[in-house]
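S.K.: Sharing a structure below in C-alpha coordinates format, with a few things to ask.
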Amino acid sequence: MDKNSVYKTNRFYWDTKGNDFLGAIVLPFYGAFVSEEKCQLFGDVSGKKMLEIGCGNGQSLQYHGERKASELWAVDISEKQIEKATQHLKACGLSAKLICSPMEEECGIPVDYFDFVYSIYAIGWTTDLEGTFCRIASYLKKDGVFIFSWSHPIHKCVVAENNMLAFKKCYFDESWYSVSLDEGALTLSDRKLSTYVNALAKAGFVIEQMIEQFDDEIMQSRDGNSDFAKKAKMLPVTFVVKARKL
(Lines give C-alpha, C1' and ligand atoms only; values in the text may rest on other atoms or scores of the structure.)
Protein backbone atom coordinates (compact mmCIF):
# COMPACT_ATOMS: atom_id res chain seq x y z
CA MET A 1 0.00 0.00 0.00
CA ASP A 2 1.43 3.34 -1.10
CA LYS A 3 -0.15 5.99 1.08
CA ASN A 4 0.37 8.75 -1.48
CA SER A 5 -1.53 6.71 -4.03
CA VAL A 6 -4.34 6.21 -1.49
CA TYR A 7 -4.39 9.95 -0.76
CA LYS A 8 -4.58 10.78 -4.45
CA THR A 9 -7.39 8.31 -5.20
CA ASN A 10 -9.55 9.20 -2.20
CA ARG A 11 -8.93 12.94 -2.39
CA PHE A 12 -9.96 12.97 -6.06
CA TYR A 13 -13.15 11.09 -5.28
CA TRP A 14 -14.17 13.47 -2.49
CA ASP A 15 -13.23 16.46 -4.64
CA THR A 16 -15.48 15.26 -7.48
CA LYS A 17 -18.19 12.77 -6.41
CA GLY A 18 -18.04 12.66 -2.63
CA ASN A 19 -21.27 13.39 -0.82
CA ASP A 20 -23.26 13.47 -4.04
CA PHE A 21 -22.94 9.69 -4.32
CA LEU A 22 -22.11 8.32 -0.88
CA GLY A 23 -24.22 10.78 1.06
CA ALA A 24 -23.08 12.61 4.17
CA ILE A 25 -23.22 11.02 7.61
CA VAL A 26 -23.34 13.93 10.05
CA LEU A 27 -24.27 14.60 13.65
CA PRO A 28 -26.61 13.98 15.35
CA PHE A 29 -26.19 10.67 13.50
CA TYR A 30 -23.08 8.54 13.92
CA GLY A 31 -24.05 6.23 11.07
CA ALA A 32 -26.96 4.02 10.18
CA PHE A 33 -29.45 3.79 13.06
CA VAL A 34 -27.22 5.36 15.79
CA SER A 35 -27.71 8.92 17.09
CA GLU A 36 -26.12 11.30 19.56
CA GLU A 37 -29.59 12.28 20.76
CA LYS A 38 -30.04 8.76 22.13
CA CYS A 39 -26.41 7.97 23.11
CA GLN A 40 -25.46 11.34 24.66
CA LEU A 41 -21.71 10.73 24.27
CA PHE A 42 -20.79 14.42 24.07
CA GLY A 43 -23.08 15.83 26.70
CA ASP A 44 -22.88 19.61 27.19
CA VAL A 45 -20.29 21.08 24.79
CA SER A 46 -20.90 24.75 25.62
CA GLY A 47 -17.58 26.55 26.02
CA LYS A 48 -15.62 23.55 24.72
CA LYS A 49 -12.93 23.50 22.03
CA MET A 50 -13.80 20.98 19.30
CA LEU A 51 -11.72 19.44 16.52
CA GLU A 52 -13.30 17.32 13.78
CA ILE A 53 -11.30 14.80 11.76
CA GLY A 54 -12.81 14.61 8.29
CA CYS A 55 -15.32 17.46 8.38
CA GLY A 56 -16.88 16.94 4.95
CA ASN A 57 -19.60 19.52 4.32
CA GLY A 58 -19.42 21.05 7.81
CA GLN A 59 -22.81 19.96 9.15
CA SER A 60 -21.35 18.21 12.20
CA LEU A 61 -19.41 21.39 13.00
CA GLN A 62 -22.69 23.26 12.72
CA TYR A 63 -24.25 20.83 15.20
CA HIS A 64 -21.65 21.72 17.83
CA GLY A 65 -21.59 25.41 16.94
CA GLU A 66 -25.31 25.64 17.57
CA ARG A 67 -24.70 24.01 20.97
CA LYS A 68 -22.34 26.85 21.93
CA ALA A 69 -18.95 25.18 21.52
CA SER A 70 -16.36 27.93 22.00
CA GLU A 71 -14.05 26.96 19.11
CA LEU A 72 -14.56 24.86 16.00
CA TRP A 73 -11.60 23.35 14.16
CA ALA A 74 -11.46 20.67 11.47
CA VAL A 75 -9.19 18.89 9.04
CA ASP A 76 -10.18 17.21 5.76
CA ILE A 77 -8.15 15.76 2.89
CA SER A 78 -10.42 17.30 0.24
CA GLU A 79 -10.12 20.94 -0.77
CA LYS A 80 -13.63 20.77 -2.23
CA GLN A 81 -15.07 19.55 1.06
CA ILE A 82 -13.27 22.34 2.91
CA GLU A 83 -14.85 24.84 0.50
CA LYS A 84 -18.31 23.33 1.07
CA ALA A 85 -17.84 23.42 4.85
CA THR A 86 -16.66 27.03 4.74
CA GLN A 87 -19.69 28.12 2.72
CA HIS A 88 -22.11 26.11 4.85
CA LEU A 89 -20.81 27.45 8.16
CA LYS A 90 -20.78 31.02 6.88
CA ALA A 91 -24.43 30.65 5.88
CA CYS A 92 -25.14 29.44 9.42
CA GLY A 93 -23.36 32.41 10.98
CA LEU A 94 -20.58 30.23 12.36
CA SER A 95 -16.81 30.39 12.02
CA ALA A 96 -14.26 27.59 12.12
CA LYS A 97 -10.57 27.01 11.48
CA LEU A 98 -10.52 24.55 8.58
CA ILE A 99 -7.33 22.85 7.39
CA CYS A 100 -6.88 20.83 4.19
CA SER A 101 -4.55 17.95 4.99
CA PRO A 102 -4.45 14.18 5.44
CA MET A 103 -5.29 13.37 9.07
CA GLU A 104 -2.03 11.40 9.37
CA GLU A 105 0.23 14.41 8.79
CA GLU A 106 1.43 17.40 10.79
CA CYS A 107 -0.70 20.35 9.71
CA GLY A 108 -0.39 23.03 12.37
CA ILE A 109 -3.15 21.88 14.74
CA PRO A 110 -2.30 22.98 18.32
CA VAL A 111 -1.37 20.33 20.89
CA ASP A 112 -2.82 19.85 24.40
CA TYR A 113 -5.56 22.24 23.33
CA PHE A 114 -8.91 20.55 22.64
CA ASP A 115 -11.62 19.25 24.95
CA PHE A 116 -13.04 16.99 22.22
CA VAL A 117 -11.71 15.47 19.04
CA TYR A 118 -14.31 13.59 17.02
CA SER A 119 -14.74 11.91 13.66
CA ILE A 120 -18.02 10.85 12.05
CA TYR A 121 -17.41 8.09 9.51
CA ALA A 122 -13.97 9.40 8.52
CA ILE A 123 -11.35 7.79 10.75
CA GLY A 124 -11.30 4.60 8.66
CA TRP A 125 -9.79 6.51 5.72
CA THR A 126 -6.46 6.87 7.51
CA THR A 127 -3.47 5.02 6.08
CA ASP A 128 -1.81 4.98 9.51
CA LEU A 129 -4.24 4.21 12.32
CA GLU A 130 -1.71 4.14 15.18
CA GLY A 131 -0.05 7.34 13.98
CA THR A 132 -3.40 9.09 13.59
CA PHE A 133 -4.54 8.10 17.09
CA CYS A 134 -1.24 9.34 18.53
CA ARG A 135 -1.71 12.68 16.76
CA ILE A 136 -5.26 12.94 18.06
CA ALA A 137 -4.05 12.21 21.59
CA SER A 138 -1.50 15.02 21.24
CA TYR A 139 -4.23 17.49 20.25
CA LEU A 140 -6.32 16.74 23.34
CA LYS A 141 -5.94 18.14 26.82
CA LYS A 142 -5.41 15.66 29.62
CA ASP A 143 -8.75 13.89 30.20
CA GLY A 144 -9.92 15.12 26.79
CA VAL A 145 -12.40 12.95 24.89
CA PHE A 146 -12.09 11.29 21.48
CA ILE A 147 -15.31 10.07 19.84
CA PHE A 148 -15.43 8.37 16.47
CA SER A 149 -17.70 6.22 14.33
CA TRP A 150 -17.05 4.00 11.35
CA SER A 151 -18.52 1.11 9.43
CA HIS A 152 -18.46 -2.00 11.60
CA PRO A 153 -15.92 -4.49 10.20
CA ILE A 154 -18.30 -7.44 10.44
CA HIS A 155 -20.78 -5.53 8.28
CA LYS A 156 -18.20 -5.37 5.47
CA CYS A 157 -17.72 -9.16 5.64
CA VAL A 158 -21.36 -10.18 5.28
CA VAL A 159 -23.79 -9.84 2.38
CA ALA A 160 -27.56 -10.44 2.27
CA GLU A 161 -28.48 -13.07 -0.32
CA ASN A 162 -31.76 -14.92 -0.79
CA ASN A 163 -33.06 -13.87 2.65
CA MET A 164 -29.85 -15.15 4.25
CA LEU A 165 -26.63 -13.55 5.49
CA ALA A 166 -23.47 -15.01 4.02
CA PHE A 167 -19.79 -14.23 4.57
CA LYS A 168 -18.19 -12.73 1.46
CA LYS A 169 -14.74 -11.90 2.86
CA CYS A 170 -12.45 -12.82 5.73
CA TYR A 171 -12.83 -10.74 8.89
CA PHE A 172 -9.07 -10.94 9.49
CA ASP A 173 -8.14 -9.55 6.06
CA GLU A 174 -7.00 -5.93 6.52
CA SER A 175 -5.41 -5.51 3.10
CA TRP A 176 -6.21 -2.42 1.06
CA TYR A 177 -8.56 -2.81 -1.89
CA SER A 178 -10.15 -0.66 -4.57
CA VAL A 179 -13.88 0.00 -4.86
CA SER A 180 -15.42 1.32 -8.08
CA LEU A 181 -18.33 3.68 -7.52
CA ASP A 182 -20.25 5.70 -10.10
CA GLU A 183 -17.37 6.35 -12.50
CA GLY A 184 -14.98 6.89 -9.59
CA ALA A 185 -12.86 4.79 -7.26
CA LEU A 186 -11.97 4.61 -3.58
CA THR A 187 -9.24 2.73 -1.74
CA LEU A 188 -10.17 1.18 1.62
CA SER A 189 -9.03 -1.18 4.35
CA ASP A 190 -11.37 -3.05 6.69
CA ARG A 191 -9.66 -3.22 10.07
CA LYS A 192 -10.62 -5.58 12.88
CA LEU A 193 -12.18 -4.13 16.03
CA SER A 194 -9.11 -5.30 17.97
CA THR A 195 -6.93 -3.19 15.66
CA TYR A 196 -8.84 -0.07 16.71
CA VAL A 197 -8.82 -1.03 20.40
CA ASN A 198 -5.10 -1.79 20.48
CA ALA A 199 -4.24 1.38 18.57
CA LEU A 200 -6.25 3.44 21.07
CA ALA A 201 -4.46 1.80 23.99
CA LYS A 202 -1.05 2.38 22.41
CA ALA A 203 -1.89 6.08 21.95
CA GLY A 204 -2.77 6.45 25.64
CA PHE A 205 -6.55 6.26 25.52
CA VAL A 206 -8.93 4.36 27.76
CA ILE A 207 -12.24 3.33 26.20
CA GLU A 208 -15.24 4.57 28.19
CA GLN A 209 -18.01 3.36 25.91
CA MET A 210 -18.52 1.39 22.70
CA ILE A 211 -21.80 1.21 20.81
CA GLU A 212 -22.76 -1.45 18.27
CA GLN A 213 -26.52 -1.71 18.65
CA PHE A 214 -29.13 0.03 16.49
CA ASP A 215 -31.82 2.49 17.55
CA ASP A 216 -35.17 0.89 16.78
CA GLU A 217 -37.00 4.23 16.47
CA ILE A 218 -34.57 5.44 13.81
CA MET A 219 -34.79 2.13 12.01
CA GLN A 220 -38.59 2.22 11.88
CA SER A 221 -38.58 5.80 10.63
CA ARG A 222 -36.16 4.88 7.83
CA ASP A 223 -37.82 1.89 6.19
CA GLY A 224 -37.20 -0.78 8.77
CA ASN A 225 -38.09 -3.46 6.23
CA SER A 226 -35.33 -2.64 3.75
CA ASP A 227 -32.61 -5.24 3.13
CA PHE A 228 -30.10 -2.99 4.87
CA ALA A 229 -32.32 -2.62 7.95
CA LYS A 230 -32.93 -6.37 8.05
CA LYS A 231 -29.18 -6.89 8.00
CA ALA A 232 -28.71 -4.32 10.79
CA LYS A 233 -31.13 -6.28 12.98
CA MET A 234 -28.83 -9.30 12.72
CA LEU A 235 -25.40 -7.71 13.05
CA PRO A 236 -23.88 -4.27 13.68
CA VAL A 237 -23.35 -2.03 10.66
CA THR A 238 -21.86 0.90 12.61
CA PHE A 239 -19.65 1.13 15.68
CA VAL A 240 -18.99 4.17 17.86
CA VAL A 241 -16.20 4.57 20.41
CA LYS A 242 -15.82 7.11 23.20
CA ALA A 243 -12.30 7.19 24.64
CA ARG A 244 -10.53 9.47 27.11
CA LYS A 245 -6.90 10.61 27.05
CA LEU A 246 -5.10 9.49 30.20
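The values are calculated or read from the model by the stated rules, or taken from the named source; none is laboratory data. Keep in mind it's a predicted model, so treat the numbers as computed, not measured. We place every Cβ from the backbone using ideal geometry, glycine too, and count neighbours over all the protein chains shown. What goes into the accessible areas is simple: the full protein's heavy atoms, side chains included, and nothing from ligands, DNA or RNA. Shrake-Rupley method; radii C 1.70, N 1.55, O 1.52, S 1.80 Å.
S.K.: Where in region 122-136 is the amide nitrogen less than 17 Å from a point lying 7 Å along the Cα-to-Cβ axis of residue 9?
M.R.: 124-129
S.K.: Sticking with this one: With angles folded into 0 to 90 degrees, how steeply does helix 193-202 sit against the dominant principal axis of the chain? Use alpha carbons for both and round to 10.
M.R.: Result, in degrees: 20.
S.K.: Oh, and also: At most 12 other Cβ atoms within 10 Å plus a DSSP loop assignment makes a site exposed; report the longest stretch of the chain without any exposed GluC sites (Glu not before Pro).
M.R.: 107-182
S.K.: With the cut-off at 32 Å, tell me which of the pairs 90/156; 49/84; 90/231; 3/233 have Cα atoms farther apart than that.
M.R.: Details: 90/156 37 Å; 49/84 22 Å; 90/231 39 Å; 3/233 35 Å.
Those over the limit are 90/156; 90/231; 3/233.
S.K.: Then there's this: Sticking with the crude label model, points 7 Å out along Cα→Cβ, report the distance from residue 35 to residue 111 in nm, one decimal please.
M.R.: 4.0 nm
S.K.: Label residue 83 and residue 194 with points 7 Å out from Cα along Cα→Cβ: what is the distance between them in nm?
M.R.: 4.5 nm
S.K.: Just need log10 I(q)/I(0) for region 1-123 at q = 0.21 Å⁻¹, Debye formula, equal scatterers on the alpha-carbon atoms, no solvent, rounded to two decimals.
M.R.: Relative scattering, expressed as log10 I(q)/I(0), comes to -1.28.
S.K.: Subtract the Cα-Cα distance of residue 134 and residue 161 from 0.36 nm times their separation in residues, and report this length gain in nm to one decimal. Don't jump to the answer; show the numbers that get you there.
M.R.: Numbers: separation 27, 0.36 × 27 = 9.72 nm, distance 4.00 nm.
Residue separation times 0.36 nm, minus the Cα-Cα distance, leaves 5.7 nm.
S.K.: Show 190, 15 ordered by accessible area, largest first, where the area counts protein heavy atoms only and the probe is 1.4 Å. Present the calculation step by step, with values, prior to reporting the outcome.
M.R.: Values: 190 10, 15 50 Å².
Highest to lowest solvent-accessible surface, that is 15, 190.
S.K.: If R₀ is 25 angstrom, what is the calculated FRET efficiency for the pair residue 246 and residue 70, using the beta carbon separation as r and rounding to 0.05?
M.R.: Using R0 = 25 Å, I get an efficiency of 0.55.
S.K.: Additional query: Give me the extension gain from residue 207 to residue 228: residue separation times 0.36 nm, minus the current Cα-Cα distance, reported in nm with one decimal.
M.R.: 4.7 nm
S.K.: Determine the per residue accessible area of region 57-213 with all protein chains present and a 1.4 angstrom probe, expressed in square angstrom.
M.R.: Per-residue value: 47 Å².
S.K.: Compactness ratio of the chain: Cα Rg over 2.2 N^0.38 Å, N = residue count? Don't skip to the end; give the middle numbers.
M.R.: Numbers: Rg = 17.4 Å, N = 246, 2.2 N^0.38 = 17.8 Å.
Dividing the Cα Rg of the chain by 2.2 N^0.38 Å gives 0.98.
S.K.: Just 58, 93, 144 to compare: in a GNM of the chain, with alpha carbon springs under 10 Å, which one fluctuates most?
M.R.: Maximum among the listed residues: 93.
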